[in-house]
Protein chains: 2
Amino acid sequence: MTWKSIGIFDSGVGGLTVLREIMQTLPQEDTLYFGDTARVPYGTKSPETVIRYAGEIASFLIKRDIKLLVVACNTASAVALPTLKRQLPVPVVGVIEPGARRAVEVTRSGRIGVIGTAGTIRSSAYSRAIKRLKPDAEVLTRACPLFVPLAEEGWIDNQVARLTAHMYLQELKEAGVDTLVLGCTHYPLLKPMIADVMGPDVMLVDSAEETARTVSAILAAKGLLRPSAEKGNHNYYVSDIPAGFVRVGNRFLGGRLGDVFQVSLDDEETIT
Amino acid sequence: MTWKSIGIFDSGVGGLTVLREIMQTLPQEDTLYFGDTARVPYGTKSPETVIRYAGEIASFLIKRDIKLLVVACNTASAVALPTLKRQLPVPVVGVIEPGARRAVEVTRSGRIGVIGTAGTIRSSAYSRAIKRLKPDAEVLTRACPLFVPLAEEGWIDNQVARLTAHMYLQELKEAGVDTLVLGCTHYPLLKPMIADVMGPDVMLVDSAEETARTVSAILAAKGLLRPSAEKGNHNYYVSDIPAGFVRVGNRFLGGRLGDVFQVSLDDEETIT
């Protein structure tokens with residue numbers, strides 16, 4: 001019997017932190033990763049544009065016969081998830097809902113901090129997801145635009161990174177949040193440093209980890225998990241020259257990035 | 001008599017530093033600025049893609065009857081200038097050549113530093129332009145990926161910015177460059193801080209300033225300068241929702257950004 005793959009996409013390289021968690025949680029699964037490097041970033045684009053892009057990529061992956069789609073991109077999760085869920089024949093998992101659910105589970109005080117890119121914070125997607133689950137939660141948010149370039153530069157624990165983290169996080173720390181959601185797929189790379197800055201009393205919620213757990217639970221519930229004796233294969237597609245993706249991607253995956261193929265979505269039919 | 005406008009484009013907001021210098025040098029001129037915010041950044045895209053985008057934007061501006069086109073984007077200047085010059089009926093000015101020329105004029109030691117985005121540095125466009133003018137020049141380059149997000153965040157002279165500048169510039173300083181080219185349209189915002197870090201013995205070359213001078217010289221030579229008693233109008237077009245452009249752009253232009261119109265290039269015919 002042939003087992004289908006798990007499809008994962010992001011606007012670029014950030015979703016690899018989600019892939020990394022999936023590889024760790026479900027090492028037996030094959031994965032197809034799509035990084036839309038020709039059109040990164042999504043955060044500055046209009047919802048209509050992002051929905052169209054997400055539809056094109058989903059269509060590309062569905063044709064390659066995936067059994068589940070992970071939208072490993074906060075912007076696309078915030079705006080395109082309802083459309084994708086309605087139109088695709090497989091389960092669709094975003095990165096916002098799992099992180100929000102975990103935050104609600106672990107908070108004691110109900111005072112939850114959320115950090116992300118300017119676009120994610122402006123969209124209020126996490127705040128809304130958290131309030132839906134726990135209407136009396138108090139959600140404090142902070143955009144941290146420099147964290148993505150710091151992670152991509154590999155400056156994940158130097159003086160610049162620490163100073164930047166202090167500037168961004170001081171207010172949340174002083175406000176006494178007991179839980180902090182890392183609401184951007186790049187941030188898991190900065191997690192040890194962020195944990196240090198926030199101190200031992202603040203629980204960090206890693207959306208990548210929670211998303212991997214959700215994927216595992218859904219596949220288990222549907223009887224679609226591959227036997228765990230197997231060893232998964234991992235394929236990577238990007239929409240523009242792979243050089244930058246390979247360089248930064250290897251940093252994200254600890255050097256384990258395999259072959260990366262450049263593809264054109266123009267030749268594909270879209271579903272939306 | 002109606003005077004035509006100067007057309008300027010960039011992948012996003014960075015080219016506004018070039019516009020700012022043109023407004024200062026030639027306050028009588030009308031300008032049309034195009035920021036390709038739907039497709040920013042260009043630095044990660046293939047040359048073919050950037051040439052196509054540049055052609056689409058040039059076509060849009062030519063239809064609005066410009067008398068000169070400024071490619072206020074390092075990536076597009078590096079790859080699309082020959083194509084645009086061949087195909088357009090007006091003079092085309094990039095940002096690389098003016099900066100390179102100025103660097104060659106002011107250096108005494110012939111040891112010239114160039115900083116820019118990873119893409120610009122990888123393209124070697126400045127090194128080649130400098131060596132063409134002064135084959136015995138020694139060009140030392142350094143990519144400074146965090147400078148763009150720092151400028152956009154408005155962190156142009158805080159502790160994080162200074163520490164980052166020290167990390168990026170230390171080597172060039174120790175190597176004894178006497179001239180440093182700011183090879184990215186965002187960097188003029190960081191200029192006072194960079195000047196401070198490099199010290200009084202290093203001459204900074206601001207590509208935006210040099211580009212404005214070149215524009216002025218070309219228009220003067222062709223008798224196309226508007227009488228200086230006039231006061232120029234400035235229009236802005238962007239290819240995606242203007243909110244982010246307006247916020248960051250006002251920081252770049254000191255709050256003087258006028259109305260910004262969102263346009264779709266899909267409806268336009270292209271020239272390339």
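The values are calculated or read from the model by the stated rules, or taken from the named source; none is laboratory data. Note that the structure is predicted; figures quoted are calculated from it, not measured. Virtual Cβ from ideal backbone geometry, glycine too; neighbours counted across all protein chains shown.
When A:61, A:69, A:88 are checked against the criterion of being more than 22 Å from residue A:248 (Cβ to Cβ), outside the structural domain of residue A:131 (by TED's automatic domain parsing) and either of a type in the set (S, T, N, Q) or surrounded by 21 or more Cβ atoms within 10 Å (Cβ to Cβ) (or both), a single residue qualifies: A:69.
Residue B:115 meets all of the listed conditions (1) among the aliphatic types (A, V, I, L, M); (2) within 14 Å of chain A (Cβ to nearest Cβ); (3) out of contact with any helix residue (DSSP H, G or I) (no Cβ under 6 Å at 6 or more places or on another chain); (4) not in a helix (DSSP H, G or I) but one, namely (2). Based on what the data block shows, is residue B:108 away from every other protein chain (no Cβ under 14 Å), free of Cβ contacts under 8 Å to residues at least 60 places away in the same chain, surrounded by fewer than 23 Cβ atoms within 10 Å (Cβ to Cβ) and more than 20 Å from the chain's Cα centre (by Cα)? For residue B:108, the condition - away from every other protein chain (no Cβ under 14 Å), free of Cβ contacts under 8 Å to residues at least 60 places away in the same chain, surrounded by fewer than 23 Cβ atoms within 10 Å (Cβ to Cβ) and more than 20 Å from the chain's Cα centre (by Cα) - is not met.
Residues checked against (1) in the same structural domain as residue B:102 (by TED's automatic domain parsing); (2) among the β-branched types (Val, Ile, Thr):
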site	(1), (2)
B:202	yes, yes
B:215	no, yes
B:232	no, no
B:249	no, no
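The criterion of at least 3 residues that are over 15 Å from the mean Cα position of the chain (by Cα) and not aliphatic (A, V, I, L, M) is met by the following helices (runs of 4 or more DSSP H) wholly inside the stretch B:1-89: B:47-63, B:74-87. With respect to being among the basic types (Lys, Arg) and without any contact (Cβ under 8 Å) to a residue 40 or more places away in the chain, residue B:67 falls outside the description.
Residue A:2 passes every criterion in (1) more than 13 Å from chain B (Cβ to nearest Cβ); (2) touching a residue at least 12 places away in the same chain (Cβ under 8 Å) apart from (2). Given the criteria out of contact with any Leu (no Cβ under 6 Å at 6 or more places or on another chain), surrounded by fewer than 22 Cβ atoms within 10 Å (Cβ to Cβ) and assigned by TED's automatic domain parsing to the domain that holds residue B:23, does residue B:192 qualify? When the stated conditions are applied, residue B:192 does not pass them. crowded, with 16+ Cβ neighbours inside 10 Å and away from chain B (no Cβ under 14 Å): does that describe residue A:234? Yes. Just one of (1) modelled with pLDDT of 95 or more; (2) in contact with a Gly (Cβ under 8 Å, 6 or more places away or on another chain) fails for residue B:155. It is (2).
Checking residue A:263 against (1) buried (at least 18 other Cβ atoms within 10 Å of the Cβ); (2) over 27 Å from residue A:118 (Cα atoms); (3) within 14 Å of chain B (Cβ to nearest Cβ); (4) of a type in the set (A, V, I, L, M, F, W, C), which single condition isn't satisfied? It fails just one condition, (1). Taken over the stretch A:36-58, the residue count meeting the criterion of being under 18 Å from residue A:14 (Cα atoms), of a type in the set (Gly, Ala, Ser) and within 11 Å of chain B (Cβ to nearest Cβ) is 2. For the residues B:44, B:83, the requirement of being at pLDDT below 95 and of a type in the set (S, T, N, Q) singles out B:44. Considering only residues that are within 14 Å of another protein chain (Cβ to nearest Cβ) and either over 17 Å from the mean Cα position of the chain (by Cα) or of a type in the set (Gly, Ala, Ser) (or both), look in the stretch B:125-149 and name the one that is surrounded by the most Cβ atoms within 10 Å (Cβ to Cβ). The residue in question is B:146. Read through the list (1) away from chain B (no Cβ under 12 Å); (2) polar (S, T, N, Q); (3) buried (at least 22 other Cβ atoms within 10 Å of the Cβ), then give the number of the only condition that residue A:239 fails. Condition not satisfied by residue A:239: (1). Considering only the stretch B:155-173, how many residues are farther than 19 Å from residue A:162 by Cβ and touching a residue at least 40 places away in the same chain (Cβ under 8 Å)? The qualifying residues number 2. Restricted to the stretch A:150-163, and to residues there that are part of a helix (DSSP H, G or I) and more than 13 Å from residue B:146 (Cα to Cα), the residue that is farthest from the other protein chains (Cβ to nearest Cβ) is A:162. Filtering the stretch A:126-169 to residues that are on the phi > 0 side of the Ramachandran plot and in contact with a Cys (Cβ under 6 Å, 6 or more places away or on another chain) leaves nothing.
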